[in-house]
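Single-structure report; data block below.
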Amino acid sequence: MSVQDTLSEMAREPRPLSPFDDFETAANVPDRVSDVLTLQADTVLALRDGASLQVTIPAYETFGTDGNAGNSETFQLAHDLADSPNVPSVVLYEDASQVEPDSIDTDADSITYTAEAANATLHVFYVTGTAATLTLEKRLPGGKTSASKELKTVNLALANRRDQQENPIRLSFSSWLERYVAMDMELVAVVNAPYEVAFEPVDGVRATNTLFHTTATQGQSNAPGLLAAIRDNLGQ
């Protein structure tokens with residue numbers, strides 16, 4: 001039986017993919033290509049041709065408040081602050097407690113906040129319109145860049161401002177094999193951005209305005225020969 005026949009007869013079930021439930025998160029290095037989300041497949045995964053890929057990757061910054069509790073302060077962000085139609089434009093923590101900013105000024109790229117404590121650390125996750133890219137790759141075991149296949153590249157500056165319900169980003173594949181991720185392969189989101197990306201920089205602090213969602217189907221077993229077929233397709 002061919003690999004394609006094995007896959008067509010394999011029992012599968014839907015598997016929604018989301019950043020914190022399914023992927024290992026990592027911080028990037030600004031201005032360098034960085035793996036930020038990695039899923040290692042424990043069975044066969046098949047991405048859906050035409051499925052939507054919801055993507056918002058916030059920038060991350062920290063600030064220290066002054067020595068007086070109860071002071072209202074304005075914090076200037078280093079990058080363009082965008083008004084997102086998909087997620088909160090700003091998620092803010094005072095130390096490990098999630099709080100609400102007093103105000104958000106997208107024109108001035110700033111937020112205002114009155115801290116409850118003196119000398120607190122603010123963690124700011126904000127949606128930005130600064131130019132950056134995200135590439136979705138599938139990667140053979142071993143992790144070499146040469147042993148990977150780019151599946152989708154997203155302009156984050158546009159995606160972060162785009163109403164992704166009305167105008168979704170779609171996955172599309174050029175062959176039946178391209179959408180499959182064999183057991184032990186990795187599905188990786190790679191970011192190239194001038195700003196810091198950190199989804200969970202310290203305990204209790206999380207970038208809840210992150211979007212990285214799509215729906216795959218998950219096989220109930222391995223597919224003999226699939227990894228070899230993908231390896232051959234990648235010229236490895």
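The values are calculated or read from the model by the stated rules, or taken from the named source; none is laboratory data. Since the structure is predicted, the reported quantities are computational estimates derived from the model, not experimental observations. Note that each Cβ is placed from the backbone with ideal geometry, even for glycine, and that neighbours are counted across all protein chains shown.
Of note:
- Residue within segment 183-203 that is at pLDDT 95 or above, small (Gly, Ala, Ser) and over 23 Å from Asp31 (Cβ atoms) present: no
- When Gly235 is tested against (1) surrounded by fewer than 17 Cβ atoms within 10 Å (Cβ to Cβ); (2) over 18 Å from the mean Cα position of the chain (by Cα); (3) under 20 Å from Leu45 (Cα atoms), exactly one condition is not met: (3).
- Test: Thr112 is β-branched (Val, Ile, Thr), over 25 Å from the mean Cα position of the chain (by Cα) and at pLDDT 95 or above: yes
- Within segment 130-151, the set of residues being outside any loop (DSSP other than H, G, I, E, B), of a type in the set (Val, Ile, Thr) and within 18 Å of the chain's Cα centre (by Cα) comprises Thr133, Thr135.
- The listed residues are Val181, Val154, Val197, Val127, and the only one of them that is over 30 Å from Asn68 (Cα atoms), crowded, with 19+ Cβ neighbours inside 10 Å and under 14 Å from the mean Cα position of the chain (by Cα) turns out to be Val154.
- Checking the stated criteria, Asp21 turns out not to satisfy the condition of being on the phi > 0 side of the Ramachandran plot, surrounded by fewer than 18 Cβ atoms within 10 Å (Cβ to Cβ) and in the same structural domain as Gln220 (by the TED database).
- Within segment 68-79, not a single residue is of a type in the set (Gly, Ala, Ser) and under 30 Å from Asp49 (Cα atoms).
- Residue count for segment 106-124 under the criterion of being surrounded by 15 or more Cβ atoms within 10 Å (Cβ to Cβ) and more than 19 Å from Asp203 (Cβ to Cβ): the result is 6.
- Whenever a residue of segment 181-205 is aromatic (Phe, Trp, Tyr), its partners that are part of a strand (DSSP E or B), lying with C-beta atoms within less than 7 angstrom and at least six residues away or across chains, give the pairs Tyr195/Ala59; Tyr195/Thr128; Phe199/Thr25.
- Verdict on Val190 being crowded, with 18+ Cβ neighbours inside 10 Å, within 27 Å of Asn222 (Cα to Cα) and either in contact with a strand residue (DSSP E or B) (Cβ under 7 Å, 6 or more places away or on another chain) or of a type in the set (S, T, N, Q) (or both): yes
- Whichever residue in segment 49-79 is more than 30 Å from Tyr180 (Cβ to Cβ) and in contact (Cβ under 8 Å) with a residue 60 or more places away in the chain and, among such residues, is surrounded by the most Cβ atoms within 10 Å (Cβ to Cβ): Pro58
- Test: residue in segment 221-229 that is buried (at least 19 other Cβ atoms within 10 Å of the Cβ), in a helix (DSSP H, G or I), of a type in the set (A, V, I, L, M, F, W, C) and modelled with pLDDT under 95: yes
- For Tyr113: the one exception among (1) assigned to a loop (DSSP other than H, G, I, E, B); (2) outside the structural domain of Gly204 (by the TED database): (1)
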